[in-house]
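Just below is one structure, and these are the notes that go with it.
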Amino acid sequence: MLRRIVRVLWRPLTSESRDASAGSIFLYAAGLLVFVLSTLEIASLRLTEAQLVLGLLVSICVTMQFIVLGMLVEVRCRLHAAGTDKAPGPDIRNRG
C-alpha cells in the first residue's frame with residue numbers, strides 16, 4: 001500500500017518540456033517586469049546623476065540575470081531530452 005502511494009506521488013503531472021517552456025516564459029516576464037518597475041521607481045526619485053546611473057545599471061543586471069536563467073532552463077530541457085545531462089549524485093526517483 002505504501003509503495004503504491006509513493007509511486008502515485010512521484011508520477012509527473014506535466015511533461016518536462018512544458019515545465020521548461022513555462023519556466024523560461026515566467027523568467028523572461030519576470031525580468032521584463034523587474035526592469036520596467038525598477039526604471040519607473042528610479043525615475044520617480046530625486047537622485048543625482050551617479051545614483052541614477054548606478055540604479056539603472058543594477059536594474060539592468062538583475063534583468064539580465066532573469067534572462068540568462070530563462071535561457072539556462074531551456075538549454076537544460078534540451079540536454080535532458082537528448083539524454084546528455086548527467087547530474088551527479090543518486091537518482092532518488094528510481095527507488096521503490
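Each reported figure results from applying straightforward, stated rules to the coordinates on display, with no laboratory input. All values reported here derive from a predicted model rather than from experimental measurement. Cβ: placed from backbone, ideal geometry, glycine included. Neighbour counts: every protein chain shown.
Estimated purely from DSSP H runs of n ≥ 4, each contributing -39500 (n - 2.57), the mean residue ellipticity at 222 nm for the chain is -26500 deg cm²/dmol once divided by its residues. Modelled spin labels at VAL8 and LEU54, positioned 7 Å past Cα toward Cβ, are 5.7 nm from each other.
Dividing the convex hull volume of the alpha carbon atoms of the chain by its residue count gives 145 Å³ per residue.
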